[in-house]
1. Residue-wise, which Karplus ³J(HN,Hα) couplings in Hz belong to segment 290-307, taking 6.51 cos²θ - 1.76 cosθ + 1.60, θ = phi - 60°, and x for glycine or proline?
2. Output ³J(HN,Hα) for segment 48-64: one whole-Hz value per residue in order, computed from phi by the Karplus curve 6.51 cos²θ - 1.76 cosθ + 1.60 with θ = phi - 60°, and x for Gly and Pro.
Amino acid sequence: MSTHTIDVDEVNEYNDNVDDRNESFLEMDPTVHMCFESMIGAKKFYTNYAIRCGFAVRTRTSKKDKDNNVYYLRIVCSREGKYVSSVKSVVKTLPSQINQCPAGITIVKKDDKWFIRTVVLDHNHDLCLNNSNLFAVNRKLSMQAKHTLEVNHDAGVRLNKSFLSIVNDVGGYENMDFVEQDARNYIGQHRRSLCKDGDGQALLRHFSSMKDRNNEFFYDIALDEGNKICSVFWADARSRAACEEFGDVVSFDTTYLTNKYDLPFVPFVGVNHQGHSILLGCGLLSSEDTVSFVWLFQCWLRCMRNKSPQGIITDQCREMANTIEQVFPNTRHGWFYGTS
């Protein structure tokens, strides 16, 4: 029996250079004895078929040989289970398991090739032709979309504006392969992390070294749920001594500077007896929200031996105003309108 081998590149729906011949493979239905170069190629082919037909898929069963290599895989409709949803399929963006849907394929490895052994195409539920590409398991950002988001983010364009520009480029929401939250998650993975390339560990070593040299050096670090550094605060002995003399009024500015991590640099600044600005502490914040500001102000307060300033001047940030009322209840709060 003759078979046609389909390479993984031929079924990769995200390849921008796909030719007419490959397009014909994307339109094929799965059939018994269809052959693939790899397991990934077979899975991508069936996933593309599912998106085209209006359902989502998941791996149901796999088997491994004595060398722990997969040689058998069963891929089924995501509604293969018993749970019945009360939400109509036409308004869903998340597939639910329903009524043990029998649709699916099994693939096996033989002579370094992967063959479809069994195929069931019929479903026992309605399909979602209009939005199956937005099922969580089917959503994916293309390389072009990632590039657009990164370039716009580096240029300071708001993420919702970047997302809308991508929507316009593809001709509307019905042609999108991801939602705005996916874009936010992607940008979040590429910023606000001090653990890239070992920089977080280098920062810890530097702070420890400074502490060893002078016990008056103060620092604190906030970690996220993945135990990665997300915010830091530090002040040297000179800043702590200056605060005792000139810390009655403090300026706090989150618009001063950003850096390659997209972390706002937030200095605490005072004025000495000669009218010169003096640094009273520094911080890097993962986000400008109340939780982050509370953490930073509490760090500064501990560093300055719980001596609250008589006055503090900040930009017009509501989260910061709420924080000052919480951490410095007896401190007068003034505003300034930005920096040059």
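1. Listing the rounded values in order: 4, 4, 5, 5, 4, 4, 5, 5, 5, 4, 4, 5, 5, 4, 8, 6, 6, 9 Hz.
2. So the Karplus estimates, Gly and Pro as x, are 5, 4, 5, 4, 5, 8, x, 8, 10, 10, 8, 7, 9, 9, 9, 10, 10 Hz.
Since every read-out is calculated from the coordinates, none of them should be taken as a lab result. Being a predicted model, the structure only gives us computed values, none of them experimental.
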